[in-house]
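Novice: One structure, as structure tokens, below. Some questions next.
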Amino acid sequence: MTALDWVLVVAIVVLAAFVVGGMLLGARALRHLKKTDAQGSGQAVDDALAKVDDANAKAASVRAEAAAAKAEANAARAEARRVLEDAHSEADTILERAHRQAEADAEQVRSAARRSGEREVALLNATAKEQAAEVERRAARIDERERLHAEEVERLVERERRLAGMDTDLSSREAALSTKEAELAGAEEEKRRELERVAALTAEAARAELVESIEAQAKREAAIIVRDIEAEAKSTADTRARHIVVDAIQRIASEQTSESVVSVLHLPSDEMKGRIIGREGRNIRAFESVTGVNLIIDDTPEAVLLSCFDPVRREVGRLTLEKLVLDGRIHPHRIEEVFESAKNEVDVLCDRAAEDALVDVGITDLHPELKKLLGRLRYRTSYGQNVLKHLVETAHIAGIMAAELGLDVPTMKRAAFLHDIGKALTHEVEGSHALIGADLARKYGESEDVVHAIEAHHNEVPPQTIEAVLTQAADACSGGRPGARRESLEAYVKRLERIEEIAASKVGVEKVFAMQAGREIRVMVRPDDVDDIGAAVLARDVAKQIEEELTYPGQIRVTVVRESRVTELAR
């Protein structure tokens, strides 16, 4: 039975259950009425009769519903039989079609298998023919090889016969030679005994006497040569060394070094001075606060002076002021923008200076970090001498001396060129610039000869190689020539650096600028860390420490600047 048949059966059973239940309720009600008192009221009997009538009506409706359900069940069963018959007929049709399709597919498979078998048979036949031909060829080759082998065996047999005859001949010759050698040995021994008898010396004694005489003569000649060489070396060593150093110095056409702490900027007109000063001096104050360079505006026509002991800072200030003058817009915010642009431009100039120096010296494989540090030395001076120019000059001198002495010129020039690289970091790292430079060179892959020459050029480490000694000599030649250095300028710069270090060591300090040739120091503090009272205390502490630690002419003004800025954007 299908699912639909089961549903119909369940519905009929439920309806029958409802009919039986109604009949039971009616019977129970009738029994209850019979058991009651026959003398009951007429109203109770009427009520009972009414309930019986209701029950009969319900039973009749249930029977009608059951009959309708049975009719529906019969109709559903007939429909189910019809659907089942249709399904059977359709299944038979599908099976017949599937059988026909399967027979067609089987026929195709059989034909394909037949064709494949024919191809395989043809292929196997061709392969068998090829293998047979190959076997025949191999058999022919084997026959040819056997024939050649037989001929070779015959040749070997013939050769063995000839060798046997030659062995017999050689044996006879060897016996004859042995006899002759014995005769010659006897004659040689007889000759030696005769010579010993005539000379009254044995062969060993004569050989020893000859060797002794030759050895004594060789020693005398060697001693004479060594004495002459030493005498010549003593007489010419000082002259040659002096000649090498003088020649190296003379071949370096370097300009006299004269670094100053003042830069002059020419203006298009004197009216520009008023615009540089600004209303109530706000522009010049902003310029000096941002750049840390003292701007001197006097009666000099169409020119202003920029004064600062730090050459990098002074160059940044000069470029900033030059750009402002060309642009024409001079106000505090514009000064800050141009200052950042000038700093980037100075970095580019440093990189270009390092590349030019490397090209001048002839070094092409320097590490990029060392190249960047070399660029910073463009504005670094030592006793008034530009350090980058000093390195180039020292490298040339060392290269010339190395060429005269027959040493490795590239290594010598590299060691001399990098010997002061540590000066680029002396304000950031504690210690001698020679040791700092050696650590940098070792870090960035320089050879041990170069590293040792750098660390030993001021005798922090005893020099152990000729490169180290020549680096010391070239450094001394470059720094000791007339006009190369000025001791007073170095002391002045060190005093200004110490003034800035004293102020920068205080808590809350953001920037420090030594100005007016060291007669004024301006300290920029962070307003969140230092209040007005703290600024006064800071100025007094800096002035007191400068008085205790430094020696200077005149007096030094300490100015603490505490500025609060609030920025908001209008959208």
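The values are calculated or read from the model by the stated rules, or taken from the named source; none is laboratory data. Note that the structure is predicted; figures quoted are calculated from it, not measured. No Cβ is skipped: glycine too gets one built from the backbone with ideal geometry, and neighbour counts run over all protein chains shown. Protein only, heavy atoms only, side chains kept; ligands, DNA and RNA dropped before computing areas. Shrake-Rupley method; radii C 1.70, N 1.55, O 1.52, S 1.80 Å.
Novice: Hey, could you pull the Cα Rg and Dmax for the stretch 374-466, both in Å?
Specialist: Over the stretch 374-466's Cα set, Rg and Dmax evaluate to 12.7, 39 Å.
Novice: By the gyration tensor of its Cα atoms, with a ≥ b ≥ c the square roots of the eigenvalues, what is the shape of the stretch 119-166: rounded for a/c under 1.5, prolate for a/b over b/c, or oblate? All intermediate terms of the calculation are to be shown ahead of the outcome.
Specialist: Working: a/c = 12.51, a/b = 8.67, b/c = 1.44.
Prolate.
Novice: For the stretch 80-216, with equal point scatterers placed on the C-alpha atoms only and solvent neglected, what are the log10 I(q)/I(0) values from the Debye formula at q = 0.16 1/Å, to two decimals?
Specialist: Log10 of I(q)/I(0), two decimals: -1.05.
Novice: Right, something else. Accessible area per residue, 1.4 Å probe, Å², for the stretch 368-428: what's the number?
Specialist: It amounts to 33 Å² per residue over the stretch 368-428.
Novice: Still on this structure, I have one more. If you take the Cα atoms of the stretch 79-118, find Rg, then find the Kirkwood Rh from the mean of 1/r over all pairs, what is Rg/Rh?
Specialist: On the way: Rg = 17.2 Å, Rh = 12.2 Å.
On the Cα set of the stretch 79-118, Rg over Rh gives 1.41.
Novice: Collect residues whose amide H, placed 1.01 Å from N in the peptide plane, falls under 5 Å from the amide H of M515; neighbours closer than 5 in sequence don't count.
Specialist: Residues meeting the amide H criterion: E520, I521, R522.
Novice: Based on alpha-carbon centroids, what's the gap between the stretch 500-552 and the stretch 158-184 in Å, whole number please?
Specialist: 113 Å
Novice: How big is the equivalent ellipsoid of the stretch 320-370 along its three axes, where each semi-axis is √(5λ) from the Cα gyration tensor, reported in whole Å from largest to smallest?
Specialist: Details: eigenvalues 226, 24, 4 Å².
The answer is 34, 11, 5 Å, longest axis first.
Novice: Show me 564-571, 363-370 ranked by packing, highest mean number of other Cβ atoms within 10 Å first. Present the calculation step by step, with values, prior to reporting the outcome.
Specialist: On the way: 564-571: 4.4, 363-370: 13.5.
Sorting 564-571, 363-370 by mean packing, highest first, produces 363-370, 564-571.
Novice: Moving on to the next point. Can you tally the net charge around R162? Count Lys and Arg as +1, Asp and Glu as -1, for every other residue whose Cβ sits under 15 Å from the Cβ of R162.
Specialist: On the way: positive: R155, R159, R161; negative: E154, E158, E160, D167, D169.
Every neighbour counted, the sum reads -2.
Novice: Could you sort 456-466, 154-164 so that the peptide with the highest average Cβ count within 10 Å comes first and the rest follow in order?
Specialist: On the way: 456-466: 15.9, 154-164: 9.8.
By packing density, highest mean first, the sequence is 456-466, 154-164.
Novice: So, one more: Can you list residues whose amide H is under 5 Å from L267's amide H, if they're 5+ apart or on another chain and H is modeled 1.01 Å from N?
Specialist: So L267 has HN proximity to A303, V304.
Novice: List the residues, sorted by chain then number, that are 5 or more residues from V560 or on another chain and whose placed amide H is less than 5 Å from its amide H.
Specialist: For V560, the qualifying residues are V523.
Novice: Please compare each pair in K423/K443; K389/K413; K371/K423 to a cut-off of 18 Å on the Cα-Cα distance and tell me which ones are over it.
Specialist: Details: K423/K443 16 Å; K389/K413 14 Å; K371/K423 13 Å.
Violating the 18 Å Cα-Cα cut-off are zero pairs.
Novice: Across bins of 5 angstrom width beginning at 0, how are the C-alpha pair distances of the stretch 365-427 distributed, in whole percent?
Specialist: 4, 19, 25, 23, 15, 9, 4, 0
Novice: Run the quick spin-label model on E72 and R352: label points 7 Å from Cα toward the beta carbon, then report their separation in nm to one decimal.
Specialist: The answer from the label model is 10.3 nm.
Novice: Still on this structure, please answer the following. Length gain on complete extension for the stretch R279 to D528, per 0.36 nm per residue less the alpha carbon to alpha carbon distance?
Specialist: Values: separation 249, 0.36 × 249 = 89.64 nm, distance 2.84 nm.
Gain in length upon complete extension: 86.8 nm.
Novice: Using 0.36 nm per residue of separation minus the Cα-Cα distance, give me the extension gain between E404 and A570 in nm, one decimal. Working shown, then result.
Specialist: Numbers: separation 166, 0.36 × 166 = 59.76 nm, distance 7.27 nm.
Extending this stretch completely gives an extra 52.5 nm.
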